[in-house]
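Some notes on the structure that comes next.
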Amino acid sequence: MESGGAVFVEENAYRPYFIWITLLAQLAVFIVELVRGQQLEGSPIQTSPFNYMIGPGSLTLIQTGARFTPCMRPTDVGNRMIALTGNVTDARMVTDLCGFGGIGPGEEPNQGYRLFLAMFLHGGVIHILFNSFAQWRIGIPLERVYGWWRILIICWMAGVGGNAFGGLLSPPILVSVGASGAVFGLVGALLVELILRWREMHRPGLQLFSLLVTILINLALGLLPGIDNFAHIGGLLFGLITSFALLPSRILVFRGYRNLTILSIVCALASIGLFIGIIAAFFQVARPGEECSWCKYLSCLPIAGGCDALTPT
């Protein structure tokens, strides 16, 4: 099939079921977090130290499914005492932190499903509002054009892959939650859509500049303490590759259909290979971060001890 120019696609071909269901699921999970926070820590909002995201503490997040490497695979942390709040009086054994039935004596940590569950958890009111707005603002227009199953694959590949990338490069005791990896995956999809539909867009060069600036600003904000920028970077990477694999099937913008098919196949294989490779590496690398000593600077500012938490000890 040959095409001499762009083929316009229908803007409202699908209903955005996936994004709305995702938003409702995240809200339900956040309510569960608050209830568990009250049960486990005596308050739905952590006040000591204060959670600036206005949400539960690390213990609650871990027990409801946060990415916490010692619960997922063997690490050098083993079953030592960990003080999540920095107060030694609050220290607990790793096996007592994990929840979901715990880890029995002699058992190895095996809660790998946290790579998926962590996408639906959020660190507080501010966190979930920001991510939900981004998913609504970006995800719904994309889903209307490309359908629920394409957006689901992009979000889940970016969310799980971003979590695995973050876990691979972060210290084992870092607690990470949120849909930010999936959000950056949607941003990657938005960038791919702009590239593929370049001829249809109004002032595409300006749109590209604006989108790139937005990406850079958000990645820069990810250098602030308490934010897992590795998950953002991983999510963006998976969003880009997976979108190049899936979105062209709805858009014929190249002169030759064969070129479009080749692009989709190559990116699909690359996306699957990278996904499997990063997850395999996450479960096999003994000390995340040591394999790449400079990688920590992708997720912190090297001033005033800002990178201390990401420095392996």
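The numbered conditions (1) touching a residue at least 40 places away in the same chain (Cβ under 8 Å); (2) farther than 24 Å from GLY277 by Cβ are all true for LEU206 except (1).
Filter region 170-184 for residues that are aliphatic (A, V, I, L, M) and part of a loop (DSSP other than H, G, I, E, B); which is farthest from LEU84 (Cα to Cα)? Residue satisfying both the conditions and the ranking: ALA179.
All conditions but one from (1) closer than 27 Å to CYS267 by Cβ; (2) without any contact (Cβ under 8 Å) to a residue 40 or more places away in the chain apply to GLY159; the one that does not is (2). No other residue among ALA158, ALA231, ALA189, ALA182 is crowded, with 24+ Cβ neighbours inside 10 Å, of a type in the set (A, V, I, L, M) and within 22 Å of LEU301 (Cβ to Cβ) apart from ALA231.
Within the option set ILE276, ILE265, being surrounded by fewer than 16 Cβ atoms within 10 Å (Cβ to Cβ), under 17 Å from the mean Cα position of the chain (by Cα) and at pLDDT 85 or above holds for one residue only, ILE276. On the stretch given as region 114-162, residues that are under 27 Å from ILE45 (Cβ atoms) and either of a type outside the set (Phe, Trp, Tyr) or not in a helix (DSSP H, G or I) (or both) total 21.
Pairing each residue of region 132-154 that is surrounded by 18 or more Cβ atoms within 10 Å (Cβ to Cβ) with any residue that is of a type in the set (Gly, Ala, Ser) and at pLDDT 95 or above, provided the two are 6+ apart or on different chains, yields C-beta distances under 7 Å for GLN135/ALA179; LEU142/ALA189; ILE151/GLY139; ILE154/GLY185; ILE154/ALA189; ILE154/GLY239; ILE154/SER243. You will find that of SER58, SER48, the residue that is among the hydroxyl-bearing types (Ser, Thr, Tyr) and free of Cβ contacts under 8 Å to residues at least 40 places away in the same chain is SER48 and no other.
For region 59-77, how many residues meet the condition of being within 19 Å of the chain's Cα centre (by Cα), in a loop (DSSP other than H, G, I, E, B) and among the hydroxyl-bearing types (Ser, Thr, Tyr)? Residues in region 59-77 being within 19 Å of the chain's Cα centre (by Cα), in a loop (DSSP other than H, G, I, E, B) and among the hydroxyl-bearing types (Ser, Thr, Tyr): 1 in total.
In a residue-by-residue description of region 202-211, the property of being outside any helix (DSSP H, G or I) and either surrounded by fewer than 24 Cβ atoms within 10 Å (Cβ to Cβ) or over 14 Å from the mean Cα position of the chain (by Cα) (or both) applies to at least one position.
Taken over region 162-190, the criterion of being in contact with a Cys (Cβ under 7 Å, 6 or more places away or on another chain) and modelled with pLDDT of 95 or more is satisfied by ALA182, GLY185, LEU186. You will find that of ILE128, ILE173, the residue that is out of contact with any Lys or Arg (no Cβ under 9 Å at 6 or more places or on another chain), over 30 Å from LEU211 (Cα atoms), buried (at least 16 other Cβ atoms within 10 Å of the Cβ) and β-branched (Val, Ile, Thr) is ILE173 and no other. Among the residues examined, VAL175 does not qualify as within 24 Å of LEU129 (Cβ to Cβ) and without any contact (Cβ under 8 Å) to a residue 24 or more places away in the chain.
The values are calculated or read from the model by the stated rules, or taken from the named source; none is laboratory data. The model shown is predicted, which means the values in this text are computed figures rather than measured ones. With ideal geometry, Cβ positions are generated from the backbone for all residues, glycine too; neighbour counts draw on all protein chains shown.
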